[in-house]
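S.K.: Before anything else, here's the structure in question.
The values are calculated or read from the model by the stated rules, or taken from the named source; none is laboratory data. What you see is a predicted model; the values in this text were computed from it and never measured. Every residue, glycine among them, receives a Cβ derived from its backbone with ideal geometry; neighbour counts consider all protein chains shown.
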Amino acid sequence: MTDQTQTTILPQLNKPAPDFKAVTTHGDRQLSDYLGKWLVLFSHPADFTPVCTTEFIAFAQNHDRFAALNTELLGLSIDSKYAHIAWVQSIRENFGVEVPFPIIEDLSMKVAHDYGMIQPGASDTSAVRATFIIDPEGILRAMVYYPMTNGRSIEEFLRLIEALQTSDAHKVATPEGWKRGEKVIVPPPATAQEADKRKEEGFEYTDWYFSKKDI
C-alpha cells in the first residue's frame, strides 16, 4: 500500500527565504519588493474566523510600531483576494480597524507549501498560524508556528525583531525576554587566554562564559 501522506518541507533559518510572486489585496507582490526592509510574513487558516480576526486587528493596530523598526507586514491564507477584501471591510465596519497591509491570495497553495505552512496533521487545505521574519537581505531569520486554535502574540514578534536587529548591530546575543534598554550577552571568549582576561574587560561578569553589558 502506497503512503499518500505529503511530507512538509520547512525553509531553513539563515538561508534565503523561498522566493514568491503572488496576487494580494494591494496588487502583485514578490519577495524582492521587500529588500532593504524586514518582513513579517504570516499565514492564517481562513478569512472570517474569530481567532484570525483578533490577530489581524492586533497586527493592524501595531502597524506603526513595525514600521518604526523598518518592518513590513504581509498576510496569507488559502482564500481568494475577493474573500480577503470582504473580510478586511468587515473588520473595518465591525471593529473600526483599518488593515493597512497586503494579504496574499494563495488558492494554488504554492507559497504555503514552499514555506511549510501546510501541516497535514492540522489540515491539508488550510495554512496553520506560521510566522516568518525575513531580514533586509532576504534571509529567513526566525519562524514560529502556532496551532489553529490559539492566537499569536504580536508583542513577541515586535520584541524578537528588535532583538535580532540589536544582535546584528552590536554582535551580541540577548537573554530570555530581553527588551530595549536591558543588558545584552557578550559572546563567550574564544580562547583560554581571553577567558582569563574576561574579568578585566569591564562587563557584568558572572563566569568566564557568561557576561553582560549595556549598549
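S.K.: All but one of (1) more than 29 Å from Asn14 (Cα to Cα); (2) part of a helix (DSSP H, G or I); (3) in contact with a His (Cβ under 7 Å, 6 or more places away or on another chain) hold for Glu55, so report the exception by its number.
M.R.: Among (1) more than 29 Å from Asn14 (Cα to Cα); (2) part of a helix (DSSP H, G or I); (3) in contact with a His (Cβ under 7 Å, 6 or more places away or on another chain), the lone unmet condition for Glu55 is (1).
S.K.: Where residues in the range 118-168 are at pLDDT 95 or above and acidic (Asp, Glu), which of them is nearest to Pro187 (Cα to Cα)?
M.R.: The extreme case among them is Asp168.
S.K.: Here is a further query. Look at Val99 and say whether it is assigned to a loop (DSSP other than H, G, I, E, B) and out of contact with any Cys (no Cβ under 6 Å at 6 or more places or on another chain). Outline the logic, then answer.
M.R.: Details: assigned to a loop (DSSP other than H, G, I, E, B): yes; out of contact with any Cys (no Cβ under 6 Å at 6 or more places or on another chain): yes.
Taking the combined requirement at face value, the residue satisfies it.
S.K.: Looking only at the range 53-81, how many residues end up being closer than 21 Å to Val128 by Cα and without any contact (Cβ under 8 Å) to a residue 60 or more places away in the chain? Outline the logic, then answer.
M.R.: Restricting attention to the range 53-81, the residues satisfying the condition of being closer than 21 Å to Val128 by Cα are 53-60, 72-81.
Going one step further and asking which of them are without any contact (Cβ under 8 Å) to a residue 60 or more places away in the chain, we end up with 53, 56-57, 60, 72-81.
Qualifying residue count, the range 53-81: 14.
S.K.: Something else: Name every residue in the range 160-215 that is aromatic (Phe, Trp, Tyr) and more than 23 Å from Asn70 (Cβ to Cβ), in order of residue number.
M.R.: First pass over the range 160-215, keeping only residues aromatic (Phe, Trp, Tyr): 178, 203, 205, 208-210.
Of everything in the range 160-215, those that are aromatic (Phe, Trp, Tyr) and more than 23 Å from Asn70 (Cβ to Cβ) turn out to be Phe203, Tyr205, Trp208, Tyr209, Phe210.
S.K.: Would it be correct to say that Asp79 is more than 20 Å from Met143 (Cβ to Cβ), assigned by TED's automatic domain parsing to the domain that holds Met117 and touching a Phe, Trp or Tyr at 6+ places or on another chain (Cβ under 6 Å)?
M.R.: Details: more than 20 Å from Met143 (Cβ to Cβ): yes; assigned by TED's automatic domain parsing to the domain that holds Met117: yes; touching a Phe, Trp or Tyr at 6+ places or on another chain (Cβ under 6 Å): no.
So Asp79 does not fit the description; no.
S.K.: Can I ask one more? Is at least one residue of the range 99-117 modelled with pLDDT under 95, in the same structural domain as Asp64 (by TED's automatic domain parsing), hydrophobic (A, V, I, L, M, F, W, C) and more than 12 Å from Ser43 (Cα to Cα)?
M.R.: Yes, the range 99-117 contains at least one residue that is modelled with pLDDT under 95, in the same structural domain as Asp64 (by TED's automatic domain parsing), hydrophobic (A, V, I, L, M, F, W, C) and more than 12 Å from Ser43 (Cα to Cα).
S.K.: Here's another thing I want to ask about it. Can you tell me which residue within the range 30-52, out of those that are touching a Gly at 6+ places or on another chain (Cβ under 7 Å) and assigned to a helix (DSSP H, G or I), is nearest to Phe95 (Cα to Cα)?
M.R.: Taking the range 30-52 and keeping what is touching a Gly at 6+ places or on another chain (Cβ under 7 Å), we get 31, 35, 42, 44, 51.
From the residues that got through so far, the ones that are assigned to a helix (DSSP H, G or I) too are 31, 51.
Numbers: Leu31: 31, Val51: 14 Å.
Of everything passing the filter in the range 30-52, Val51 is nearest to Phe95 (Cα to Cα).
S.K.: Then there's this: Six or more apart or on different chains, Cβ under 6 Å: which pairs go from a residue in the range 82-95 that's more than 12 Å from Cys52 (Cβ to Cβ) to one that's in a helix (DSSP H, G or I)? Could you list them?
M.R.: Close Cβ pairs (under 6 Å, with a partner that is in a helix (DSSP H, G or I)) amount to Phe95/Ile57.
S.K.: Can you name the residue in the range 41-55 that is touching a helix residue (DSSP H, G or I) at 6+ places or on another chain (Cβ under 6 Å) and at negative phi and is also surrounded by the most Cβ atoms within 10 Å (Cβ to Cβ) among such residues?
M.R.: We begin by selecting, within the range 41-55, every residue touching a helix residue (DSSP H, G or I) at 6+ places or on another chain (Cβ under 6 Å); these are 44, 47-48.
Then keep just the ones that are at negative phi; that gives 44, 47.
Values: His44: 28, Asp47: 23.
Taking the candidates together, the pick is His44.
S.K.: Another question, then. Can you name the residue in the range 184-213 that is surrounded by 11 or more Cβ atoms within 10 Å (Cβ to Cβ) and small (Gly, Ala, Ser) and, of all such residues, is modelled with the highest pLDDT?
M.R.: If we take residues in the range 184-213 being surrounded by 11 or more Cβ atoms within 10 Å (Cβ to Cβ) and small (Gly, Ala, Ser), then Ser211 is modelled with the highest pLDDT.
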